[in-house]
Amino acid sequence: DNGERWEREACALCRQNGAELEGLACDDTDPARLCLQGKCSNSVCHDKKPGQYCDRKMEKICVDDICENPCARISPHLMVCDCPLIDPDTGFASDDRCQLCCYDFNVKPASRRCQNAYRRFNLASAHNRPIWRVGLDCAGGKKCNRYGLAKI
């Protein structure tokens, strides 16, 4: 009962103060349910591209239509990050840019490395493919497409 009452109150608050609660959780039992345009919804990803941020803190992305931090599947202190545009080792455009990358929040900021989640942690989509970051800007004015490639 308490959960239902909390959700009713949260949804009422979401309706009344939609703008300030936009993108915040409105169900204590289901983190995917967010306050969106004044409604408590779990379909935050229905109008977003795979790999796009879907929460206000920019910690969660859309993966298989679910708004989550996929890095946390491995460990709670792993966070989503955008891999660099330029590979620091080669000086060329990074192949990792269009894939999910994670960093360890527990490592001090100067030592944090944003690493490819598929290669480093074997984190994959429901189809066992890398998790793409569709729409992310790449080097040379390109954008990541739905095949994980940087194209104009």
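Here are some conditions: (1) part of a strand (DSSP E or B); (2) modelled with pLDDT under 95; (3) hydrophobic (A, V, I, L, M, F, W, C). Val80 meets all but one. Which one does it not meet?
Single failed check for Val80: (2).
Of everything in the range 65-75 that's within 21 Å of Pro109 (Cβ to Cβ) and surrounded by fewer than 18 Cβ atoms within 10 Å (Cβ to Cβ), which residue is nearest to the chain's Cα centre (by Cα)?
Going residue by residue through the range 65-75, those that are within 21 Å of Pro109 (Cβ to Cβ) are 69, 71-72, 74-75.
If we keep only those that are surrounded by fewer than 18 Cβ atoms within 10 Å (Cβ to Cβ) too, we end up with 72, 74-75.
Values: Ala72: 11, Ile74: 15, Ser75: 15 Å.
Going through the qualifying residues, I end up with Ala72.
Restricting the range 126-140 to residues that are of a type outside the set (Phe, Trp, Tyr) and within 13 Å of the chain's Cα centre (by Cα), which is surrounded by the fewest Cβ atoms within 10 Å (Cβ to Cβ)?
Filtering the range 126-140 down to residues of a type outside the set (Phe, Trp, Tyr) leaves 126-131, 133-140.
Then keep just the ones that are within 13 Å of the chain's Cα centre (by Cα); that gives 131, 133-136.
On the way: Ile131: 24, Arg133: 27, Val134: 18, Gly135: 15, Leu136: 21.
Filtering the range 126-140 for residues that are of a type outside the set (Phe, Trp, Tyr) and within 13 Å of the chain's Cα centre (by Cα), the one surrounded by the fewest Cβ atoms within 10 Å (Cβ to Cβ) comes out as Gly135.
Could you tell me which of the residues Arg112, Arg120 is in contact with a strand residue (DSSP E or B) (Cβ under 6 Å, 6 or more places away or on another chain), free of Cβ contacts under 8 Å to residues at least 60 places away in the same chain and over 30 Å from Cys35 (Cβ atoms)?
Details: Arg120 fails: in contact with a strand residue (DSSP E or B) (Cβ under 6 Å, 6 or more places away or on another chain).
From the options Arg112, Arg120, the qualifying one is Arg112.
Given the criterion farther than 24 Å from Gly23 by Cα, outside the structural domain of Leu34 (by TED's automatic domain parsing) and either surrounded by 15 or more Cβ atoms within 10 Å (Cβ to Cβ) or of a type in the set (A, V, I, L, M) (or both), identify the matching residue among Leu100, Leu123, Leu78.
On the way: Leu100 fails: farther than 24 Å from Gly23 by Cα; Leu78 fails: farther than 24 Å from Gly23 by Cα.
Within the list Leu100, Leu123, Leu78, the selection yields Leu123.
The values are calculated or read from the model by the stated rules, or taken from the named source; none is laboratory data. It should be emphasised that the depicted structure is a prediction, and the values quoted were computed from it without experimental measurement. Every residue, glycine as well, gets a Cβ built from its backbone with ideal geometry; the counts of neighbours run over all protein chains shown.
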